[in-house]
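A.B. asks: I have a structure I would like to understand better, so I am pasting it below and will then ask my questions one at a time.
The values are calculated or read from the model by the stated rules, or taken from the named source; none is laboratory data. It should be emphasised that the depicted structure is a prediction, and the values quoted were computed from it without experimental measurement. All Cβ positions, even for glycine, are placed from backbone atoms using ideal geometry, and neighbour counts span all protein chains on display. When the accessible area is computed, the model is the full protein with side chains, heavy atoms only, and any ligands, DNA or RNA have been set aside. Shrake-Rupley method; radii C 1.70, N 1.55, O 1.52, S 1.80 Å.
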Amino acid sequence: MKAPPLEQSPELVSLRRVLDESAAVPVLLFFATGVLWLLAGTVFGLLTSLKFDMPDWLAAIPALTFGRLRPAHLNAVNYGWASLAGAGCLLWLTSRLCMTPVRLRGGLIASVILWNLGVLYGTGAVLLGYGGSVEWLEYPLPAAAMIGAAFLLFAASILQTFRMRSVQHLYVSLWYTVACVVWFPFLYVAANLPIYSGVVHGAVNWWYGHNALAVWFTPIGLALAYYFIPKVIGRPIYSYYLSLLGFWSFALFYNWNGIHHLVGGPVPNWLQTISIIASVLMVIPVMAVAVNHHLTTVGHFRHLRSSPTLRFTVFGAMCYTAVSFQGSLESLRGMQEVVHFTHYTVGHAHLGVYAFLTMILFGAMYYITPRVARWNWPHPGLIKLHFWLTAGGISIYVIAMCTGGILQGYAMNESVRPFAQVIDLTRPWLIARSASGILITGGHLVFAYLFAQMLIHAGPRRETAPWEEAAA
Amino acid sequence: MPGPDKPDRRSLPPLLGEAERQDILQIHRAILSRERVEPQEGMEPAPWWVWVVSVLVIFSMGFYLGRYSGTFSTEAHELYQKAAVGGGEAAAEPPPDGSLVYAGICLPCHQAGGTGVEGKYPPLAGSEWVAKDSAIGIRILLHGLQGPIQVKGKTFNNEMPGLGNQLSDAEIAAVLTYVRSNFGNKAPAVDTKQVAAIRQATPGQGPWTAQALSGVPK
């Protein structure tokens, strides 16, 4: 099929310029600080991984022990990198889809500062031993309060921009965007209230942990995929009806999923059952999104060669399908008996937050950054290198962790097998994980270098899109 | 006020010369010109099988809910659920698994292969004490053992706690049977009734010594 023509009337170009200029400063601030947290979080993650093979290395420094590095990694990449970069992308997207400049920009600057201070304070507290013991909520309350307040400022800007929109029809990406900025503050405040104890605290922990993905990270990824796939290809998204089915079943089912983390635990049986059911019902929204994206892209896969945005986005969207079906299966009791408390779960988590979300964020940033930084990506070859290092790295990561996790799960179920033997069994897979971590770290260094050049307009002054084709 | 014909000067770095500003604006215009139409909704119908799969998944999860709801009781956890579903009040407790008792209680000292630890914990594999009458093993498990003991030609002097308060008669029988038929041992199985009888016959008994055990009635 022939690609549709570019839309380049002077009025349209001028309108885009006004919108992107309004978004430029806040978006670049969100991106730049996000990339810094990506680098910090990557270092924490790599050190955590190396600890499995070299447990005595750096063990004399309390801040660099496993129990502190791991939560530092989790929080830095989620509240630092993915949240900040995601917020930047959503700002730009909302302005473009509402055809109106970004509003409340002063509040956004305050939001970036507050958000980063919160993540800095929280991560520092975790490393110095003042972190909490509830996974995903390790930050002390003052840090959480700063992040919560920053999020409210960001949400206010999105909602005000949305209110001032000059379009009639709301495109599907906007549904996810507006929904997530309303959902997430409720979730974050409710989970951080210091009122829970005992079994209820465990249930709230995973209600929050999984809902952070359900009402914040996944909507970011889906909003961006729904936007950039048709935008780069230049044809409408396949089916409005599939979009509707996907969004409403997503809103209905996903927020019940969290308790599947406690299958087999001391939580009432019906609560586990309902979470398992909701996890399996996620097949419906995931299928709707996957079919919708696939039928939009089919016949246009050659754009993957010419557009870095589309290549990263399609990789991420395919991983969304994979991680969701894996999650539906993983929640079932029979599967839990084997893979619970194994490396399999770690593989699943990275397939979600990295292979799906982070890859889509990279794709979106390759599109947005030139429009807000007003500079072309200086080194097309390095973008390819970035893609192959990260895509290759995370593929090795997920395969190693999931295979090793299943073997580990079966071995641990053999009750008379000595535990040390089970650890030896997982060793080659953990070494493969550390190797993949080195590839991923390399990819991030390449990306950070490219992004820094965009910020200061360094590198060769290029006239065109990074790869062959015009519309990247 | 910036508008379509007037670029927002504030969004440009302040120290640039006029030529550089114009250059950046030109690059930006070029970037913004290589875009396709904003995404629209297509109106194709969803493939029929999407609806079929959706309905099937919802139905099967309805059955799953009926099967595993645990009657929506706050008491029902995983083990309770299995017993209740199996056969109502008639569902008897399954017999204890000796290998699980061994892994949970004996393994840290006597090791996975029943080898023990030289100079510390006596071996069970090929031990003459394991092969002796089951009345001896039952007493050691119920009340413990202390002081010197000869096993396979080596002397050990340590203390094993009694497990009578911790393990049921059935569990003691199961783990003894497991030890007596594994690690190369080939002694006959132990009956729960014998454990119960010895427990009744020796109330308030403290830890045994090797010497006291050799005088035990069969």
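A.B. asks: Name the residues in segment A:253-274 that are assigned to a helix (DSSP H, G or I), more than 7 Å from chain B (Cβ to nearest Cβ) and either within 17 Å of A:GLU337 (Cα to Cα) or not aliphatic (A, V, I, L, M) (or both), would you?
C.D. replies: Taking segment A:253-274 first, the residues assigned to a helix (DSSP H, G or I) are A:253-262, A:269-274.
Cutting the leftovers down to more than 7 Å from chain B (Cβ to nearest Cβ) gives us A:253-262, A:271-272, A:274.
Selection gives A:PHE253, A:TYR254, A:ASN255, A:TRP256, A:ASN257, A:GLY258, A:ILE259, A:HIS260, A:HIS261, A:LEU262, A:GLN272.
A.B. asks: Of the numbered conditions (1) within 14 Å of chain B (Cβ to nearest Cβ); (2) surrounded by 18 or more Cβ atoms within 10 Å (Cβ to Cβ); (3) more than 21 Å from A:TYR208 (Cα to Cα), A:GLN336 fails exactly one; give the number of that condition.
C.D. replies: A:GLN336 satisfies every listed condition except (3).
A.B. asks: Looking at (1) within 7 Å of another protein chain (Cβ to nearest Cβ); (2) within 19 Å of A:ARG333 (Cβ to Cβ), which one does B:SER60 not meet, given that it meets all the others?
C.D. replies: Failing condition for B:SER60: (1).
A.B. asks: Out of all the residues in segment A:11-30, which are open to solvent by 20 Å² or more (accessible area, probe 1.4 Å) and facing chain B (nearest Cβ under 9 Å)?
C.D. replies: Filtering segment A:11-30 down to residues open to solvent by 20 Å² or more (accessible area, probe 1.4 Å) leaves A:11-12, A:14-15, A:18, A:25, A:28-29.
Scanning segment A:11-30 gives A:GLU11, A:LEU12, A:SER14, A:LEU15, A:VAL18, A:VAL25.
A.B. asks: Quick one: would you say A:LEU159 is among the aliphatic types (A, V, I, L, M), open to solvent by 60 Å² or more (accessible area, probe 1.4 Å) and under 23 Å from A:CYS89 (Cα atoms)?
C.D. replies: Numbers: among the aliphatic types (A, V, I, L, M): yes; open to solvent by 60 Å² or more (accessible area, probe 1.4 Å): yes; under 23 Å from A:CYS89 (Cα atoms): yes.
Considered against the rule, which asks whether it is among the aliphatic types (A, V, I, L, M), open to solvent by 60 Å² or more (accessible area, probe 1.4 Å) and under 23 Å from A:CYS89 (Cα atoms), A:LEU159 comes out as yes.
A.B. asks: Which helices (runs of 4 or more DSSP H) sit wholly inside segment B:146-215 and have at least 2 residues that are within 24 Å of B:VAL117 (Cβ to Cβ)? Before you say what the answer is, go through the steps one by one.
C.D. replies: Values: elements: B:169-180, B:192-201, B:210-214.
Because the criterion is at least 2 residues that are within 24 Å of B:VAL117 (Cβ to Cβ), the helices (runs of 4 or more DSSP H) in segment B:146-215 that meet it are B:169-180, B:210-214.
A.B. asks: Closer than 25 Å to A:SER95 by Cα, within 11 Å of another protein chain (Cβ to nearest Cβ) and modelled with pLDDT of 95 or more - does that describe any residue in segment A:275-286? Give the derivation first.
C.D. replies: Let us first name the residues in segment A:275-286 that are closer than 25 Å to A:SER95 by Cα, namely none.
So far as segment A:275-286 goes, no, none of its residues is closer than 25 Å to A:SER95 by Cα, within 11 Å of another protein chain (Cβ to nearest Cβ) and modelled with pLDDT of 95 or more.
A.B. asks: Can you name the residue in segment A:158-177 that is more than 21 Å from the chain's Cα centre (by Cα) and assigned to a helix (DSSP H, G or I) and, of all such residues, is nearest to A:LEU64 (Cα to Cα)? Break it down into steps so the answer makes sense when it comes.
C.D. replies: Our first condition is that a residue be more than 21 Å from the chain's Cα centre (by Cα); within segment A:158-177, this holds for A:159-171.
After this cut, where a residue has to be assigned to a helix (DSSP H, G or I) as well, the list is A:159-163.
Values: A:LEU159: 41, A:GLN160: 43, A:THR161: 43, A:PHE162: 44, A:ARG163: 47 Å.
Restricting to residues being more than 21 Å from the chain's Cα centre (by Cα) and assigned to a helix (DSSP H, G or I), the top hit is A:LEU159.
A.B. asks: Then there's this: Report yes if some residue within segment A:296-316 is open to solvent by 30 Å² or more (accessible area, probe 1.4 Å), free of Cβ contacts under 8 Å to residues at least 12 places away in the same chain and not in a loop (DSSP other than H, G, I, E, B); otherwise report no.
C.D. replies: Yes, because at least one residue in segment A:296-316 is open to solvent by 30 Å² or more (accessible area, probe 1.4 Å), free of Cβ contacts under 8 Å to residues at least 12 places away in the same chain and not in a loop (DSSP other than H, G, I, E, B).
A.B. asks: Hey, among B:ALA131, B:ALA174, B:ALA170, B:ALA196, which residue is at pLDDT below 90 and either of a type in the set (A, V, I, L, M) or surrounded by 17 or more Cβ atoms within 10 Å (Cβ to Cβ) (or both)? Steps first, answer last, please.
C.D. replies: Working: B:ALA174 fails: at pLDDT below 90; B:ALA170 fails: at pLDDT below 90; B:ALA196 fails: at pLDDT below 90.
Answer to the selection: B:ALA131.
A.B. asks: Checking A:LEU329 against (1) at pLDDT 95 or above; (2) farther than 30 Å from A:TYR410 by Cα; (3) surrounded by fewer than 21 Cβ atoms within 10 Å (Cβ to Cβ); (4) more than 20 Å from the chain's Cα centre (by Cα): exactly one of these is not met. Which one?
C.D. replies: So A:LEU329 meets the others, but not (2).
A.B. asks: Ok, one more. When residues of segment A:339-368 are filtered for being surrounded by fewer than 22 Cβ atoms within 10 Å (Cβ to Cβ) and within 14 Å of chain B (Cβ to nearest Cβ), how many remain?
C.D. replies: Going through segment A:339-368 one residue at a time, the tally reaches 1.
A.B. asks: Would you say A:GLY148 is under 30 Å from A:GLY45 (Cβ atoms), modelled with pLDDT of 95 or more and open to solvent by less than 10 Å² (accessible area, probe 1.4 Å)? Walk me through it before giving the result.
C.D. replies: Working: under 30 Å from A:GLY45 (Cβ atoms): yes; modelled with pLDDT of 95 or more: yes; open to solvent by less than 10 Å² (accessible area, probe 1.4 Å): no.
For A:GLY148, the condition - under 30 Å from A:GLY45 (Cβ atoms), modelled with pLDDT of 95 or more and open to solvent by less than 10 Å² (accessible area, probe 1.4 Å) - is not met.
A.B. asks: Looking at A:GLY381 and the list (1) open to solvent by 10 Å² or more (accessible area, probe 1.4 Å); (2) in contact with a helix residue (DSSP H, G or I) (Cβ under 7 Å, 6 or more places away or on another chain), which single condition is not satisfied?
C.D. replies: It fails just one condition, (2).
A.B. asks: Right, something else. Could you list, ordered by first residue, the pairs with Cβ atoms under 9 Å in which the first is in segment B:140-151 and under 22 Å from B:VAL195 (Cβ atoms) and the second is among the acidic types (Asp, Glu) and buried (at least 20 other Cβ atoms within 10 Å of the Cβ), at least 6 apart or interchain?
C.D. replies: Filtered contacts from segment B:140-151: no entries.
A.B. asks: When you scan segment A:387-402, how many residues do you find that are in contact with a Leu (Cβ under 6 Å, 6 or more places away or on another chain) and open to solvent by 30 Å² or more (accessible area, probe 1.4 Å)?
C.D. replies: Of the residues in that region, 1 qualify.
A.B. asks: Find the residue count for segment B:45-62, including only residues that are in a helix (DSSP H, G or I), open to solvent by less than 30 Å² (accessible area, probe 1.4 Å) and closer than 16 Å to A:ASN292 by Cα.
C.D. replies: So in segment B:45-62, the residues in a helix (DSSP H, G or I) come out as B:48-62.
Next, only the ones that are open to solvent by less than 30 Å² (accessible area, probe 1.4 Å) stay: B:50, B:54, B:57, B:61.
Applying the additional criterion that residues be closer than 16 Å to A:ASN292 by Cα yields B:50, B:54.
Residues meeting the conditions: 2.
A.B. asks: Starting from segment A:85-111, take each residue that is among the β-branched types (Val, Ile, Thr) and list its partners that are part of a loop (DSSP other than H, G, I, E, B), counting only C-beta distances under 7 angstrom and pairs at least six apart or across chains.
C.D. replies: From residues that are among the β-branched types (Val, Ile, Thr), the pairs are A:THR100/A:MET164; A:THR100/A:ARG165; A:THR100/A:SER166.
A.B. asks: Could you please give the count of residues in segment A:221-253 that are crowded, with 23+ Cβ neighbours inside 10 Å and aromatic (Phe, Trp, Tyr)?
C.D. replies: Total satisfying the criteria: 5.
Residue by residue, here is whether (1) outside any helix (DSSP H, G or I); (2) more than 26 Å from A:THR161 (Cβ to Cβ); (3) within 14 Å of another protein chain (Cβ to nearest Cβ); (4) of a type in the set (S, T, N, Q) holds:
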site: A:ALA32; (1), (2), (3), (4): no, no, no, no
site: A:TRP37; (1), (2), (3), (4): no, no, no, no
site: A:THR48; (1), (2), (3), (4): no, yes, no, yes
site: A:GLY67; (1), (2), (3), (4): no, yes, no, no
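A.B. asks: Within the set of pairs 6+ apart or on separate chains, which have a first residue in segment B:48-59 that is without any contact (Cβ under 8 Å) to a residue 60 or more places away in the chain, a second that is surrounded by 11 or more Cβ atoms within 10 Å (Cβ to Cβ) and polar (S, T, N, Q), and C-beta atoms under 8 Å apart?
C.D. replies: Listed by first residue and then by second, the contacts come to B:SER54/A:SER249.
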